[in-house]
Amino acid sequence: MKWKQQLDGMQAYKPGKPIEEVQREFGLQEVVKLASNENPFGCSPKVTAYLQDNAVNHAIYPDGYAQNLRTAVANYLGVKETQLLFGNGSDDIITILTRALLYPGVNTIMADPSFSQYWHNADIEGAEVRKIPCINGAHDLNAMAAAIDDKTSIVWVCSPNNPTGVVIADNDLRAFLAKVPSDVLVVLDEAYIEYVTHPEHKNTLPLIEEYPNVLLMRTFSKAYGLASFRVGYAIGQPEVIAKLDPVRAPFNNTILSQTVAAIALSDQDYLQACCEANEKGKKQYVEFCEKHNLTYYPSDTNFIFLNTNADSDIVFHELMKRGFIIRSGNALGTPGFIRVTIGTEAQNEALLGHLETVLKEQGVFA
Ligand SMILES: *Cc1c(COP(=O)(O)O)cnc(C)c1O
C-alpha cells in the first residue's frame, strides 16, 4: 500500500504497563501506578456523584462545539468562547496542530527531553524535528530561539516540562517570545499549570494578547483527575482558533466527558486540596534525595525527576516487582533518571522505602 514514508519503522506510543498485567506477572495483590502523572486522589467527589445519579442518552451525538463546557471554561479563565478549542485530550490538540501546520519542508523546535507527542506527530507529518537539549531540566530558550529560521512553523514550550518538572519563569518566557517571529506558532503546553507554585511564574493568559502567535494548551487529565475522559483544550486568539477548528474531528469529546469536565472545573476547592497534598508529597521525595545526595530537578508538577545513579531500567524493574510502576529515564532518553508521580502520603512512603532498599542493593549508597 502507499503508506507515508515517515511511517517506516515507527512505533506506537508505549504507555506504562497496566496494573493488571503487573499483578499477574509478579503475583502481587496490590500494584500502585505512579507512572503517568494522574491525580492519585482521583477526581472531584462531585463528578463521582454525578456519574452515579445521571443516565446519559448515549445514542445521541455529543455537542461538537462543547457549548456548556466552553462557556464554563471561558468564564473561569475570563476569555472569549471563540478563544477556545477542545480536544480529545491535549494529545488531540497536538495532532490538530501538527496536521494544520507541519508538512515536509518545514521544521519544528522542541526541548529534549520533553513530551514525546510533539516529535512523534511532527515525524508523521514529515516535518524536520529540531530537538534542543535542556540545561539541568530547563528549556534552553536562547538555543531554541537561535534554531528558528524562515522554515520554522511550530515551537513547543512545555512549562512545567514533562519529564523534568521544571517551570519557566515569566521574564525568561517573555524574553524568548520577543525573539520569535510573529509567523511562528509558539505552543505553551501547560498540562501541569495547576500545580505551579514557583514565585517567578506568572499568569500566562495575558501573553495571548501581547503575542497573538502564542497558543496555550491545558488538560483535565492531570490535576483535575479525569485522564480517562480525554478532555484537553487550547486557548489562543480567535483567528488562530478559527484556523484550527476545521482540522478538528466533528465530535471529538463525549457528552459525558464535557459534562464531568465542567463539574470538575466548578470544584476548585477540591483541586486546591489536591495541589496542597501534592506539595507535601513532593517534600517526601525532596527529603529523600537530599538525604541520599541524589540529583533532582525542582518540580512544579505532580511528579519528580531524579537521578538514581544506577541503571534506571533495573530500578524500574525492581520497583515493579515490589508493586510500584514508575517511568525509567532510559525510555525518555535520560539514562539513570526515573520519573515518579507523586502519590498519596502512604504511597510515597512505601515507594521511597523500596527505592532505598533497591539503591542499596545497587551499591548507590550504603
Ligand atoms: C499528560 C500530558 C499531555 C496529554 O494530556 P491529555 O490531555 O491527557 O492528552 C500533554 N502534555 C504534557 C506535557 C503531558 O504531560
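The values are calculated or read from the model by the stated rules, or taken from the named source; none is laboratory data. Bear in mind the structure is a predicted one, so any value in this text is a computation, not a measurement. No Cβ is skipped: glycine too gets one built from the backbone with ideal geometry, and neighbour counts run over all protein chains shown. Note: areas computed on protein heavy atoms with side chains; ligands, DNA, RNA excluded. Shrake-Rupley method; radii C 1.70, N 1.55, O 1.52, S 1.80 Å.
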Collect the residues in the stretch 106-117 that are in contact with a helix residue (DSSP H, G or I) (Cβ under 8 Å, 6 or more places away or on another chain) and either away from the ligand (no atom under 16 Å from the Cβ) or farther than 27 Å from SER257 by Cα (or both), keeping them in residue-number order. THR108, ILE109, MET110, ALA111, PRO113
Can you tell me which residue is farthest from LEU205 (Cα to Cα) among those in the stretch 228-244 that are within 11 Å of the ligand (Cβ to nearest atom) and in a helix (DSSP H, G or I)? SER228
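State yes or no: is HIS120 more than 23 Å from LYS14 (Cβ to Cβ) and within 14 Å of the ligand (Cβ to nearest atom)? I'd like the intermediate steps shown before the answer.
Numbers: more than 23 Å from LYS14 (Cβ to Cβ): no; within 14 Å of the ligand (Cβ to nearest atom): yes.
It is false that HIS120 is more than 23 Å from LYS14 (Cβ to Cβ) and within 14 Å of the ligand (Cβ to nearest atom).
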Check on ASN57, within 16 Å of the ligand (Cβ to nearest atom), part of a loop (DSSP other than H, G, I, E, B) and not acidic (Asp, Glu): no
Restricting attention to the stretch 272-304, which residues are part of a helix (DSSP H, G or I) and in contact with a strand residue (DSSP E or B) (Cβ under 8 Å, 6 or more places away or on another chain)? LYS282, TYR285, VAL286, CYS289
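Only one of these is more than 16 Å from the ligand (Cβ to nearest atom), open to solvent by 60 Å² or more (accessible area, probe 1.4 Å) and aliphatic (A, V, I, L, M): ALA146, ALA169. Name it. Give the derivation first.
On the way: ALA169 fails: open to solvent by 60 Å² or more (accessible area, probe 1.4 Å).
Just one listed residue meets the conditions, ALA146.
Quick check, is THR164 among the hydroxyl-bearing types (Ser, Thr, Tyr) and either open to solvent by 30 Å² or more (accessible area, probe 1.4 Å) or touching a Phe, Trp or Tyr at 6+ places or on another chain (Cβ under 7 Å) (or both)?
On the way: among the hydroxyl-bearing types (Ser, Thr, Tyr): yes; either open to solvent by 30 Å² or more (accessible area, probe 1.4 Å) or touching a Phe, Trp or Tyr at 6+ places or on another chain (Cβ under 7 Å) (or both): yes.
It is true that THR164 is among the hydroxyl-bearing types (Ser, Thr, Tyr) and either open to solvent by 30 Å² or more (accessible area, probe 1.4 Å) or touching a Phe, Trp or Tyr at 6+ places or on another chain (Cβ under 7 Å) (or both).
Restrict the check to the stretch 98-112 and report whether at least one residue is open to solvent by less than 30 Å² (accessible area, probe 1.4 Å), within 13 Å of TYR233 (Cβ to Cβ), touching a Phe, Trp or Tyr at 6+ places or on another chain (Cβ under 6 Å) and not small (Gly, Ala, Ser).
Going residue by residue through the stretch 98-112, those that are open to solvent by less than 30 Å² (accessible area, probe 1.4 Å) are 98, 102, 106-111.
From what is left, the residues that are within 13 Å of TYR233 (Cβ to Cβ) are none.
The answer is no; no qualifying residue exists.
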How about the stretch 113-123: which of its residues are over 20 Å from VAL180 (Cβ atoms) and surrounded by 22 or more Cβ atoms within 10 Å (Cβ to Cβ)? PRO113
Tell me which residues, restricted to the stretch 191-227, are open to solvent by less than 10 Å² (accessible area, probe 1.4 Å), more than 10 Å from the ligand (Cβ to nearest atom) and of a type in the set (A, V, I, L, M). LEU207, ILE208, VAL214, LEU215, LEU216, ALA223
What single numbered condition from (1) open to solvent by less than 20 Å² (accessible area, probe 1.4 Å); (2) farther than 19 Å from LYS14 by Cβ fails to hold for PHE303? (2)
Output the number of the condition that GLY126 fails; it satisfies all remaining conditions of (1) away from the ligand (no atom under 16 Å from the Cβ); (2) surrounded by fewer than 21 Cβ atoms within 10 Å (Cβ to Cβ); (3) over 27 Å from GLN11 (Cβ atoms). (3)
Evaluate the following for TYR76: is it open to solvent by 60 Å² or more (accessible area, probe 1.4 Å), at pLDDT 95 or above and not in a helix (DSSP H, G or I)? no
Identify all residues within the stretch 1-44 that are closer than 27 Å to VAL260 by Cα, open to solvent by 70 Å² or more (accessible area, probe 1.4 Å) and not in a loop (DSSP other than H, G, I, E, B); write none if there are none. GLU20
Kindly provide the set of residues from the stretch 330-363 that are open to solvent by less than 40 Å² (accessible area, probe 1.4 Å) and either touching a Gly at 6+ places or on another chain (Cβ under 6 Å) or not in a helix (DSSP H, G or I) (or both), ordered by number. THR334, GLY336, PHE337, ILE338, ARG339, VAL340, THR341, ILE342, GLY343, THR344, ASN348
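Which of the residues spanning the stretch 79-105 are part of a helix (DSSP H, G or I), under 15 Å from GLN258 (Cβ atoms) and within 16 Å of the ligand (Cβ to nearest atom)?
Here is the first cut: in the stretch 79-105, the residues part of a helix (DSSP H, G or I) are 81-83, 90-101.
Filter once more, keeping what is under 15 Å from GLN258 (Cβ atoms): 81, 92.
Scanning the stretch 79-105 gives a single hit, ASP92.
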Breaking point among (1) without any contact (Cβ under 8 Å) to a residue 60 or more places away in the chain; (2) over 24 Å from VAL286 (Cα atoms); (3) within 16 Å of the ligand (Cβ to nearest atom), for CYS134: (2)
Quick check on the stretch 181-196. Is at least one of its residues charged (D, E, K, R), touching a strand residue (DSSP E or B) at 6+ places or on another chain (Cβ under 9 Å), touching a residue at least 24 places away in the same chain (Cβ under 8 Å) and in a helix (DSSP H, G or I)? yes
I'd like the full set of residues that are within 21 Å of the chain's Cα centre (by Cα) and either open to solvent by 40 Å² or more (accessible area, probe 1.4 Å) or not polar (S, T, N, Q) (or both), limited to the stretch 317-329. PHE324, ILE325, ILE326, ARG327, GLY329
